[in-house]
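Below is one structure, written out as structure tokens; comments come after it.
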Amino acid sequence: MNTVAAPTRNARGVVRITLIVSACAFLFGFAMIPLYRIACEQVLGIKLEDGPVTGRAVAAASVDTSRSVRIQFLASVNSKLPWTFAPEVTRIDVHPGELTEVWFDAANTSDAAIVGNAVPSVAPNTASAFFNKTECFCFTEQLLAAGEARRMPVRFIVDPALPRDVTELTLSYTFYENTDATRRVAETVGAPPHAG
Amino acid sequence: MAHAATHDHVAHDDHHDHKPQGFIARWCFSTNHKDIGTLYLIFSLLMFFIGGAMAMIIRAELFQPGMQLVEPDFFNEMTSVHALVMIFGAVMPAFVGLGNWMIPLMVGAPDMALPRMNNWSFWLLPVAFGLLLSTLFMPGGGPQGGWTLYPPLSLQGGNGIAFSILAIHVAGISSIMGAINIIATILNMRAPGMDLLKMPVFVWTWLITAFLLIAVMPVLAGAVTMLLTDKYFGTSFFNAAGGGDPVMFQHIFWFFGHPEVYIMILPAFGIVSEIIPTFARKPLFGYQAMVYATASIAFLSFIVWAHHMFTVGMPLGGELFFMYATMLIAIPTGVKVFNWVSTMWEGSMTFETPMLFAIGFVILFTIGGFSGVMLAIVPADFQYHDTYFVVAHFHYVLVTGAVFSIMAATYYWLPKWTGHMYSERWGKIHFWSSVISVNVLFFPQHFLGLAGMPRRIPDYNVAFADFNMISSIGGFWFGLSQLIFLGVVVHCAFFSKVKAPARVWEGAKGLEWEVPSPAPHHTFSVPPVLKPGMLAHDDVSH
Ligand code: HEM
Ligand SMILES: [Cu+2]
């Protein structure tokens with residue numbers, strides 16, 4: 001620490017190290033995406049991937065008739081999507097462990113075929129891990145031709161392990177336009193989009 | 001007073017000063033740390049006025065409820081670009097400029113370690129801000145989603161966003177290069193005997209800031225790159241329809257964003273720690289504590305980011321962790337405030353303009369720290385979040401904090417840069433005008449926020465009218481006061497007749513005062529020989 005270093009000699013080492021740190025930081029920004037998923041799903045118990053629950057988990061659940069939980073349904077569309085979208089019933093009381101089916105209606109009011117994706121959300125968020133869907137229109141892209149309307153089912157089971165102080169859950173969906181898929185559909189015009 | 005330290009320059013001042021001849025050669029191709037420092041400072045001042053003009057538009061629109069002057073889109077552009085210009089164009093380059101000028105002088109180095117890269121890092125800035133400001137004239141306009149660029153909002157405008165993102169990339173590369181240069185200079189170029197724990201606090205705070213910069217600017221670059229690919233290349237990092245998650249952007253952004261706010265305040269801590277001992281004529285109280293407090297603030301700044309997103313629906317454990325971690329930062333910050341006050345305690349103080357700004361900093365920054373602690377309380381933040389209370393908080397820490405420290409530093413070192421004294425009388429007028437108006441401007445915003453006025457909205461409920469009008473009046477007054485600053489600086493640089501001595505301030509210690517004023521173009525070509533009493537902190541490690 002007692003002599004001046006010749007600038008060029010040692011500066012190279014510092015520059016190399018600081019550049020490596022910067023490069024790692026850049027990669028770390030991208031690494032946060034998988035890390036975030038792992039943190040949410042493995043450590044914090046927040047469900048991000050909203051896939052169907054397995055049949056085994058469903059079969060294992062026994063119906064808890066000692067209490068019922070009220071489920072409310074909300075449906076909205078992102079302002080850029082010219083669709084209408086609503087639940088057929090806005091609330092329903094279920095026993096935990098009971099398989100329940102409800103229906104939602106969507107209609108494309110524009111004059112072009114559009115692909116939408118519904119993003120679900122359960123409130124209170126701490127209860128979302130106990131809300132299991134076995135089937136949902138939100139698992140897949142929904143293609144609606146111009147003016148087409150569709151009834152879509154959701155089947156779900158509330159996990160009997162749901163904390164007893166939770167008596168009400170809200171399931172809400174927002175439909176977004178999937179612009180890439182819509183563009184793909186538009187490019188294959190001629191073949192009239194087949195609803196599936 | 002300049003003896004052995006500068007024996008190569010004392011005898012012959014400017015004659016052998018070897019400045020490059022010609023304007024272009026001197027300024028555009030400069031590799032001299034003083035010239036590049038000057039360029040940074042001038043650039044920063046220009047951006048300060050451009051960003052300030054945008055703030056005037058914002059306050060003019062908010063002068064009365066209702067839509068008065070500008071379109072909502074334009075208002076949103078103003079709030080977004082004002083913040084980007086002030087943060088990346090004014091505050092950060094000002095600190096880099098001060099670092100360029102002062103760090104080699106303070107550690108006894110002939111120049112920065114990488115002089116040619118230094119030139120590069122400056123000249124990237126006009127490119128970046130030319131790009132950013134040009135988006136205001138593009139179809140679809142500039143960024144309107146706030147400086148935080150949250151998707152999906154930030155991606156819903158025109159293609160200007162692509163240029164803004166490129167501007168952020170370029171400004172980020174400039175900061176990273178500047179930081180690397182500063183680290184290399186401090187680690188490699190210190191004069192013999194200048195141990196790490198003898199360095200001035202300003203050098204210490206810059207060293208730590210530079211580490212923060214290389215650790216988080218690339219993260220921001222990554223985040224905005226993902227925005228770009230989401231918009232143009234069909235990726236879905238943050239796009240809910242494609243399986244991405246917009247909240248994730250907030251995590252990545254604030255992982256950068258919170259250390260970024262400390263990037264803007266640590267060098268300010270350093271400046272104030274230089275100025276207060278000078279005018280209190282006492283050594284800094286607790287030098288080592290200052291250094292360790294700075295390091296712990298820097299460390300903690302990496303684990304508090306989610307206090308900016310308490311309302312996104314985090315698990316309770318997360319809210320608690322980030323709440324307590326945030327409050328923890330108040331401890332080292334409190335240590336610093338305590339040390340500044342103790343340095344002044346029983347000192348024989350005089351109140352020249354730099355000292356006034358430094359004392360203003362200590363008091364007003366602390367108010368900003370207090371509102372910060374209030375915001376850190378999760379249940380309270382649910383109410384305060386995204387209101388004017390947050391705006392009041394960060395303007396106290398950034399304007400009366402970072403910007404006041406930059407002004408203090410300018411007054412403190414201006415005689416060293418120019419060789420002439422500024423007008424003390426006008427400096428004081430500038431201070432008093434600024435310190436009163438800035439409180440008229442930002443203090444009422446606390447009340448507006450507590451009453452529920454949302455930030456980033458061009459119109460508001462009539463219930464908020466009075467405080468907004470007061471705030472706007474303070475805003476115009478503060479804005480105009482800065483013209484005094486411009487006047488004082490221009491006068492000092494070009495018209496002042498009063499020559500400055502080498503040791504400009506009677507109580508000042510440190511190597512920068514061992515060279516003549518103005519500091520010659522080349523200093524410390526031969527490393528200075530340190531003598532007892534030359535440094536402010538030369539016996540701490542013994
Ligand atoms: C004791 C220290 C501090 C604490 C506890 C603190 C806490 C907070 C919290 C909790 C927020 C989020 C408020 C919300 O959005 O609801 C916030 C926002 C902010 N703070 Fe601080 N802060 C501190 C110091 C600072 C410093 C030193 C700076 C900068 C120099 C700073 C700059 C900011 C900025 C710019 C924002 C707003 C960002 C935005 O949403 O645009 N804070 N602070
Ligand atoms: Cu923060």
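The values are calculated or read from the model by the stated rules, or taken from the named source; none is laboratory data. Predicted model, so just to flag it, every value in this text is computed and none were measured. Neighbour counts are summed over all protein chains in view; Cβ atoms, including those assigned to glycine, are modelled from backbone coordinates with ideal geometry. What goes into the accessible areas is simple: the full protein's heavy atoms, side chains included, and nothing from ligands, DNA or RNA. Shrake-Rupley method; radii C 1.70, N 1.55, O 1.52, S 1.80 Å.
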Measure nothing fancy, just the Cα-based angle from helix B:92-107's long axis to the longest principal axis of chain B, in degrees from 0 to 90, nearest 10. 20 degrees
With R₀ set to 25 angstrom, the calculated FRET efficiency between the beta-carbons of B:Trp120 and B:Phe495, to the nearest 0.05, is 0.15
In whole Hz, the Karplus estimates of ³J(HN,Hα) for region B:398-405 (6.51, -1.76, 1.60; θ = phi - 60°; x where Gly or Pro) are 8, 7, 6, x, 4, 5, 4, 5
Stretch gain in nm, segment B:Phe370-B:Met469, where the contour uses 0.36 nm per residue and the Cα spacing is subtracted: 33.1 nm
Stokes-Einstein diffusion coefficient of region B:451-531, Kirkwood radius over Cα pairs, 25 °C, 0.890 mPa s, in µm²/s: 138 µm²/s
With every protein chain in place, the accessible area of B:Met349 for a 1.4 Å probe, in Å² rounded to the nearest 10, comes to 70 Å²
Straight-line reach from B:Lys509: which aspartates and glutamates have a Cα under 12 Å away, not including same-chain ones fewer than 8 places off? B:Glu274, B:Asp538
Over region B:227-334, with a single point scatterer placed on each C-alpha, what log10 of the ratio I(q)/I(0) does the Debye formula yield at q = 0.11, 0.20 1/Å? -0.51, -1.03
Out of residues 5 or more away from A:Phe175 or on other chains, whose amide H comes under 5 Å of its own, with H placed 1.01 Å from N in the peptide plane? A:Ser76, A:Val77, A:Asn78, A:Val119
Kindly tabulate the residues in region B:245-272 with an accessible-area decrease of at least 20 Å² between the chain alone and the assembly of all protein chains, using a probe of 1.4 Å. B:Asp245, B:Met248, B:His251, B:Ile252, B:Phe255
Can you give the convex hull volume of the alpha carbon atoms of region B:395-542 per residue, in Å³? 168 Å³
Taking the simple approach of a point 7 Å from Cα along Cα-to-Cβ for both B:Ile42 and B:Ile377, what is their distance in nm? 5.0 nm
When the accessible area of region A:65-119 is split by element with a 1.4 Å probe, what percent falls to carbon and sulfur? 50 percent
For q = 0.20, 0.25 Å⁻¹, Debye-computed log10 I/I(0) when each Cα of region B:204-261 counts as one equal scatterer: -0.71, -0.93
Pop the C-beta distance of A:Gln72 and A:Thr140 into the FRET formula with R0 = 22 Å and round what comes out to the nearest 0.05. 0.35
Quick one: 3J(HN,Hα) in Hz for region A:79-89, Karplus 6.51/-1.76/1.60 with θ = phi - 60°, rounded, Gly and Pro as x. 4, 7, 9, x, 10, 10, 7, 7, x, 7, 10
Percent accessible area from carbon and sulfur atoms, region B:26-513, protein chains only, probe 1.4 Å: 74 percent
Give me the inter-chain shielding for B:312-318: mean count of other chain Cβ atoms within 10 Å, whole number please. 4
Mean ellipticity per residue at 222 nm, deg cm²/dmol - from DSSP H runs of n ≥ 4 across chain B, formula -39500 (n - 2.57): -21000 deg cm²/dmol
For chain B, the longest principal axis of the Cα atoms and the Cα long axis of helix B:33-61 enclose an angle in degrees, to the nearest 10, of 30 degrees
Nearest 0.05, what FRET efficiency do A:Cys24 and B:Phe23 give at R0 = 51 Å with Cβ-Cβ as r? 0.80
Can you give the extra length, in nm with one decimal, that the chain gains between B:Ala60 and B:Tyr324 once fully stretched, where that is 0.36 nm per residue apart less the Cα-Cα distance? 91.2 nm
Which of the three applies to the protein assembly as shown, rounded, prolate or oblate, going by the alpha-carbon gyration tensor with a ≥ b ≥ c and a/c under 1.5 meaning rounded? prolate
Within a 10 angstrom radius of each residue's Cβ in B:179-187, how many Cβ atoms of other chains show up on average? Whole number is fine. 5
Rounded to the nearest 10, the angle in degrees between the Cα long axis of helix B:201-232 and the longest principal axis of the Cα atoms of chain B comes to 30 degrees
Can you pull out the trypsin sites (Lys or Arg not before Pro) in region A:79-173 whose DSSP state is coil and whose Cβ has at most 11 other Cβ atoms within 10 Å? A:Lys80, A:Arg164
By average Cβ neighbour count within 10 Å, what is the ranking of A:99-106, B:113-120 from highest down? B:113-120, A:99-106
Testing the spin-label approximation: label points 7 Å from Cα along Cα→Cβ at B:Arg456 and B:Leu480. State their distance in nm. 3.2 nm
Hull surface divided by four, with the convex hull built on the Cα atoms of region B:325-381: how many nm²? 4.3 nm²
So how far apart, in nm, are the two label points at A:Gln42 and A:Ser110 if each is 7 Å from Cα heading toward Cβ? 4.0 nm
Cα extents of region B:26-513 per principal axis, largest first, Å, are 64, 46, 46
Can you pull out the trypsin sites (Lys or Arg not before Pro) in region B:481-529 that DSSP calls coil and that have at most 13 other Cβ atoms within 10 Å? B:Lys497
Kindly compute the accessible surface that chains A and B hide from a 1.4 Å probe when together, both sides summed, and give it to the nearest 100 Å². 3000 Å²
